[in-house]
Amino acid sequence: MQSVLITGGAGFIGQNLVHAWRAAEPSDRLVIVDAMTYAANLRSLEPLIADRSISFVKGDIKDAALMRRLFDEHKFTRVAHLAAESHVDRSIADPEAFLQTNVLGTFTLLKTALEAWLAAGTIEHSRFLHVSTDEVYGSLGPSDPAFLESSPYRPNSPYAASKAASDHLVRAYVETYGLPALITNCSNNYGSYQHPEKLIPLMIIHALEGKPLPIYGDGSNVRDWLHVSDHCAALMAVIERGRLGETYNVGGGNERNNRDVVGLICDALDRAFATDASLAPRFPSCPAASGKSCRSLISFVTDRPGHDHRYAIDATKLARELGNRCSVNFEDGLGQTINWYLDHEDWWREVTSGAYKAWIDKNYSFRIAV
Ligand code: NAD
Ligand code: TYD
């Protein structure tokens with residue numbers, strides 16, 4: 001039985017990881033720490049908190065005293081560190097929070113884990129997993145080979161730079177102090193509970209509400225889409241069985257450009273409305289409700305500054321060493337994700353109320369159709 005700290009557990013990947021961990025290791029003690037920023041949501045965890053199968057602490061990973069108190073109280077032997085500011089466009093609009101949480105927050109957690117594990121004499125059987133991104137490697141050209149763990153760091157956005165800095169700190173703690181840590185660098189996740197500021201949920205929700213589908217630039221940018229369930233399976237494999245001090249890349253093996261992703265979402269919604277008569281009265285502003293294609297909403301808009309052209313992950317090391325391979329085919333995973341958003345209208349209506357509207361105004365009002 002392990003005592004596990006999951007930071008950022010109320011975020012998109014964090015919530016999915018909590019459920020996956022609970023299902024795989026029911027006897028482990030899970031403690032979730034989350035600052036509950038705009039990106040957090042506790043709805044899916046509330047039943048687990050209520051029946052005490054997990055503990056939840058609202059707190060900031062930069063709060064060194066709180067982190068130390070939690071380590072002393074719960075005697076963690078596993079840390080899955082996911083707490084972060086995670087949206088590239090927000091990092092362009094306001095980079096400071098990214099440095100605070102992603103760099104200083106990670107530093108506070110590394111320092112606390114080291115001190116607490118040394119003081120308790122438990123460092124030998126403890127493990128710290130730092131969850132990072134492929135964006136630290138920069139951008140690929142159309143025919144470049146996919147990112148390897150040995151690819152040079154070339155971050156292009158403030159988000160990517162802050163994650164790169166945090167990866168370097170983890171490495172320094174391994175090399176200098178012998179912290180038993182590992183790093184994963186994964187590609188773009190998609191699936192249930194993803195905040196609607198990100199491409200896939202944003203396009204699904206905008207289409208349902210009959211709003212423009214804003215594709216940055218010409219939409220030729222490529223991402224390697226990874227279903228969040230495959231990502232969580234990889235995280236659990238790496239934290240338990242990965243070699244300490246190593247980095248593992250996690251990718252979906254599903255490279256798609258943004259035009260194609262948005263087109264697939266539109267086509268799937270058109271088909272859903274054509275076969276399920278209950279959708280049109282629920283979402284009357286969606287073009288598919290009146291027999292038109294959601295593709296009519298596509299709008300090419302001003303590009304993101306410094307927009308990375310292509311990400312692709314070579315996940316051979318993960319497969320070779322840990323036998324872990326992604327299993328969700330992109331079309332199937334996208335279909336499940338669209339159905340999840342159709343079935344969880346209350347969830348996304350709550351998430352997109354209030355402050356979310358101010359963000360949409362800030363990020364999209366200056367983007368003119370091109
Ligand atoms: P998210 O934005 O949905 O969730 C992040 C969570 O961290 C939120 O619940 C937020 O409240 C919490 N948080 C933020 N600042 C905090 C602080 N100072 N103290 C405590 N909690 C804080 O992000 P996500 O998509 O779930 O990503 C999780 C991790 O995976 C991040 O480290 C991110 O960099 C990495 N990652 C994500 C993707 C992706 O496609 N989503 C891809 C690669 C890597
Ligand atoms: P995003 O979901 O923000 O993830 P990331 O920037 O980490 O890759 O964006 C995915 C891709 O979709 C990226 O190339 C930017 C693009 N994009 C749009 O074209 N329009 C949008 O409104 C958003 C949010 C993203």
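The values are calculated or read from the model by the stated rules, or taken from the named source; none is laboratory data. Source: prediction; values computed, not measured. Glycine also receives a Cβ, built like all others from the backbone with ideal geometry; neighbour counts cover every protein chain displayed.
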Test: residue in the stretch 190-210 that is within 16 Å of ligand 2 (Cβ to nearest atom), farther than 27 Å from ALA355 by Cα, under 23 Å from the mean Cα position of the chain (by Cα) and not in a strand (DSSP E or B): no
From the option list GLU149, GLU135, single residue qualifying as within 29 Å of ALA20 (Cβ to Cβ) and within 12 Å of ligand 1 (Cβ to nearest atom) is GLU135
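Restricting attention to the stretch 337-355, which residues are buried (at least 16 other Cβ atoms within 10 Å of the Cβ), in a helix (DSSP H, G or I) and not β-branched (Val, Ile, Thr)?
TRP340, TYR341, LEU342, TRP347, TRP348, listed by residue number.
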Run PHE76 past the list (1) touching a Gly at 6+ places or on another chain (Cβ under 8 Å); (2) more than 10 Å from ligand 1 (Cβ to nearest atom); (3) closer than 14 Å to PHE128 by Cβ and report the number of the one that doesn't hold. (1)
Return yes or no: is ASP260 assigned to a helix (DSSP H, G or I), acidic (Asp, Glu) and in contact with a helix residue (DSSP H, G or I) (Cβ under 8 Å, 6 or more places away or on another chain)? no
Give me the pairs, please: first residue somewhere in the stretch 85-100 and farther than 19 Å from LEU199 by Cα, second residue anywhere and among the polar types (S, T, N, Q), beta-carbon distance under 6 Å, and either six or more positions apart or on two chains. PHE98/SER91; PHE98/SER162; LEU99/SER162
Could you tell me which of the residues TYR190, TYR177, TYR173 is at pLDDT 95 or above and in contact with a His (Cβ under 7 Å, 6 or more places away or on another chain)? TYR190
Being assigned to a loop (DSSP other than H, G, I, E, B), touching a residue at least 40 places away in the same chain (Cβ under 8 Å) and within 11 Å of ligand 1 (Cβ to nearest atom) is the requirement here; does TYR159 meet it? no
Could you tell me whether any residue of the stretch 19-29 is hydrophobic (A, V, I, L, M, F, W, C), modelled with pLDDT of 95 or more and either near ligand 1 (Cβ under 9 Å from one of its atoms) or under 30 Å from ALA358 (Cβ atoms) (or both)? no
I'd like to verify a number: residues in the stretch 271-283 that are without any contact (Cβ under 8 Å) to a residue 60 or more places away in the chain and either surrounded by fewer than 19 Cβ atoms within 10 Å (Cβ to Cβ) or among the small types (Gly, Ala, Ser) (or both), how many? 8
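From the list SER143, SER150, SER162, exactly one residue is closer than 30 Å to TRP359 by Cα and not charged (D, E, K, R). Which is it?
Working: SER143 fails: closer than 30 Å to TRP359 by Cα; SER150 fails: closer than 30 Å to TRP359 by Cα.
Only one candidate passes the filter, namely SER162.
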Condition (residue is farther than 13 Å from LYS62 by Cα, polar (S, T, N, Q), within 13 Å of ligand 2 (Cβ to nearest atom) and touching a residue at least 12 places away in the same chain (Cβ under 8 Å)) applied to the stretch 106-125: is it met by at least one residue? no
The stretch 356-370 - residue that is hydroxyl-bearing (Ser, Thr, Tyr) and over 19 Å from ARG43 (Cα atoms) and, of those, surrounded by the fewest Cβ atoms within 10 Å (Cβ to Cβ): SER365
Determine whether TYR193 is within 15 Å of ligand 1 (Cβ to nearest atom) and not basic (Lys, Arg). yes
Give me a count of the residues in the stretch 207-230 that are more than 19 Å from VAL370 (Cα to Cα), buried (at least 21 other Cβ atoms within 10 Å of the Cβ) and more than 16 Å from ligand 1 (Cβ to nearest atom). 2
Going through the stretch 280-336 in order, the residues found to be aliphatic (A, V, I, L, M), in a helix (DSSP H, G or I) and within 22 Å of PHE147 (Cα to Cα) are LEU318, ALA319, LEU322
Could you please give the count of residues in the stretch 86-107 that are small (Gly, Ala, Ser) and buried (at least 17 other Cβ atoms within 10 Å of the Cβ)? 3
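Taking the conditions exactly as written (over 26 Å from ASN363 (Cα atoms), crowded, with 21+ Cβ neighbours inside 10 Å and touching a residue at least 60 places away in the same chain (Cβ under 8 Å)), does VAL174 satisfy them or not?
no
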Evaluation of SER290 against (1) within 15 Å of ligand 2 (Cβ to nearest atom); (2) without any contact (Cβ under 8 Å) to a residue 12 or more places away in the chain (one fails), failing number: (1)
Do you know which residues across the stretch 2-16 are more than 13 Å from ASP28 (Cβ to Cβ) and aliphatic (A, V, I, L, M)? ALA10, ILE13
The helices (runs of 4 or more DSSP H) lying entirely within the stretch 41-101 that contain at least 1 residues which are out of contact with any His (no Cβ under 7 Å at 6 or more places or on another chain) and under 19 Å from GLU115 (Cβ atoms) are 64-74
